[in-house]
1. Pairs to check: LYS78/LYS253; LYS205/LYS255; LYS134/LYS343; LYS156/LYS330; LYS176/LYS341; LYS292/LYS322. Give those whose C-alpha atoms are more than 32 Å from each other in this structure.
2. Under unit Cβ charges (Lys, Arg +1; Asp, Glu -1), what dipole magnitude, rounded to 20 debye, does the chain have relative to its Cα centre?
3. Provide the gained length on full extension for the span ALA127 to ASN143, in nm with one decimal, where the gain is 0.36 nm per separating residue minus the Cα-Cα distance.
4. Quick check on segment 35-184: what are the equivalent-ellipsoid semi-axes from the Cα gyration tensor, as sqrt(5λ), descending, whole Å?
5. 222 nm [θ] for the chain, helices only, -39500 (n - 2.57) per DSSP H run of 4+, per residue, to 500?
6. Taking the Cα centre of segment 75-135 as origin, work out the dipole magnitude from +1 charges on Lys and Arg Cβ and -1 charges on Asp and Glu Cβ, in debye rounded to 20.
7. Starting from the eigenvalues of the Cα gyration tensor, five times each then square-rooted, give me the equivalent ellipsoid semi-axes of the chain, largest first, whole Å.
8. Name the long-range amide H neighbours of PHE238: under 5 Å, sequence gap of 5 or more, or other chain; modelled H, no Pro or chain starts.
Amino acid sequence: MAALLVCALALVVAGCGSSSSSSTTAAGGESTSAEKEEASGGGGEAGGGGENAEAKIAIVLTNPENSSFGQTAVNAAKQIESELGNEVTVQGGLTPANEQQTFEGYASRGTGLLIIDGAEMQQAAEAVAPKFPKTDFVVINGNAEGSPNLSSATYKWEEVGFLAGVVAGKATEANKVGQISSIEIPPIEGIYDGFVQGVKAANPKATTTNSYSGSNTEPGKAQAVTSVQASQGVDTVFTVATGADPGVFSAAKDKGLKVIGYGIDESNLGESVILTSTLVDYEGTMFEMAKKYVNGELEPTVYTYGFEDEAFSLAPVTNVAKSTAAEIEKIAAEAIAGKFKIKPFEG
């Protein structure tokens, strides 16, 4: 039986313990697991017969696994277990202080594939991968390469930013829009580059600004920088603060702003203020990396996904006039179809 193990934040430093289909508690934290039904020939060419069909896989991330973004990793793990048959562990809550030790822990225990969900952990991956040649490492959102067992999966970030820019440009009444970012890394910079392009395409009169909160896990910091933008006249914000997004929505409710979510449908954070969310197929990408690994097809390179791969889309548009929503959806569809020349991010 394949088991999906979700490791508690308290176990981050030591990594997960032994695989088990029953719930356990250790080091003051909870570890829960859900036993999966054995796949009967599913998973296409990978199911039951891939080169690494018996290998263990782990997904690690900085956001807690019980957060909205953590749920994408959990969902990817469930799909991998269901369709490929491999046992998958998900561990959230990593920090710069323990990420390298955590990677080493998984690799030393024989994990075949470690999916590192976040470019902020790339440096640690580059340091650890050469020490453990029998483990494959994949950095999601990164551009890590150079070691024969190190790969990355990234996106054409300017494209998803462009979608958000179109929404902001059409929805703003003040002609002042902003992006609320977490930390200063290339994916976030690329998103803002596309955001500016999208705003200009939809509303040449609108101006844009970008603010970094310095954290993707502290809502209070995101709330503070959002409030500052509101004081500067911004009326529409695009939040790329990930785990800190609840703070953006709190400020939006207080200050009367409209919000564009990112990555997943974030309407649950504020139905009265959300315009839409730019959706990124993180789950599909993690599954694709696992499938390549299981089939022995994973290369030490950077895989890049964009509109042509159906990597980005928009959630339903709300809280604007029907005519405005129709305009947004029309331009977004044209962008996804490649009808706009979006300048690639070169940072």
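None of the figures in this text is laboratory data; all of them are computed from the coordinates on show. Everything numeric in this text was worked out from a predicted model, so none of it was measured. Here the Cβ is made from the backbone with ideal geometry for all residues, glycine too, and neighbour counts use every protein chain on show.
1. LYS78/LYS253; LYS134/LYS343; LYS292/LYS322
2. On the way: 22 positive and 43 negative charges, 217 e Å.
Its charge dipole is roughly 1040 debye.
3. 4.4 nm
4. 32, 20, 14
5. -11000 deg cm²/dmol
6. Numbers: 4 positive and 8 negative charges, 42 e Å.
Here the size comes out at about 200 debye.
7. Numbers: eigenvalues 257, 90, 66 Å².
Rounded to whole Å, the semi-axes are 36, 21, 18.
8. Here GLY178, GLN179, ILE180, ILE260 satisfy the definition.
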